[in-house]
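The values are calculated or read from the model by the stated rules, or taken from the named source; none is laboratory data. Because the structure is predicted, anything quoted here is derived from the model rather than measured. Here the Cβ is made from the backbone with ideal geometry for all residues, glycine too, and neighbour counts use every protein chain on show. What goes into the accessible areas is simple: the full protein's heavy atoms, side chains included, and nothing from ligands, DNA or RNA. Shrake-Rupley method; radii C 1.70, N 1.55, O 1.52, S 1.80 Å.
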Amino acid sequence: MAEAPIRILVADDHTLLRGALCDLLRVEDDFDVVAEVGDARAAVTEAARLRPDVALLDVQMPHNEDPVRTVRHLLHRQPDLRVIILSMDDHPVLVRQLLALGVRGYLHKSVSRQTLAAAIRERADLSRRVVTISMPQQQAPAGRPADPGLSERECEVLTLVATALSNRQIGARLGITEGTVKRHLRKIFDKLDAVSRLDAVNKAVALQYIRPQADKRPLLRAG
């Protein structure tokens, strides 16, 4: 039996950008955009009414003078809601505050469609809270991580993860079960000390275990 689509609420006050984002999301077979709103007040109201799986929120929009308060309201009404911030505002203090509050992702609007799709599909393991972070490259921490010694199969799994495939799709491609894919990912996360699929992919690329994806076009351009 196929899994139910991921139900998504999108909140952004830029009408054209919001429309373009929703069009991109609707291309994915397992995504269902259930609401498009232009301010934080409407986001809270519609999230309470529709109970989506994921809320994609901009930071700078009407009635969102305090983004931390907005996210707190959302999570108070629906603790299992996966809140992902998608914004040009990447002030480190705000990022830390929202991550501490429990958002599942903080993405800069320059991310690729693949990165966004992977973040939306990210589901938290029962034993850990998975968080996806993607900031402009100049803010990435310096230094090269230690070589973790990934196996050939683990590299194959990560290469497919980088294309935003689900665990089930990866298993079908490699001829293994979904449970086996999850076991490989747990080992990969441990070896790379990764906190998310995106984090694991980025670290594997840095170590040249896998190649970066060819499609590096940004998701949205401001202006």
Once you place label points 7 Å from the Cα toward the Cβ at Val205 and Asp89, how far apart are they in nm? 2.7
Considering only protein heavy atoms, with the full assembly of protein chains and a 1.4 angstrom probe, order Asp66, Asp80, Asp58 by accessible area, largest first. Asp80, Asp66, Asp58
Give, in nm to one decimal, the length gained when the segment between Lys182 and Thr45 is fully stretched (0.36 nm per residue of separation minus the Cα-Cα distance). 45.8 nm
Rank these residues by their accessible area, most exposed first, probe 1.4 Å: Cys155, Cys22. Cys155, Cys22
For Leu174 and Gln97, compute 0.36 nm times the residue count separating them, minus their Cα-Cα distance, and round to one decimal in nm. 23.8 nm
Just subtract the alpha-carbon distance of Ser151 and Ala20 from 0.36 nm times their residue separation and send over the number in nm, one decimal. 43.2 nm
Put His76, His14, His184 in order of accessible area, largest first, probe 1.4 Å, and you get His76, His14, His184
Heavy-atom surface of segment 1-117, accessible at 1.4 Å and reported per residue (Å²): 48
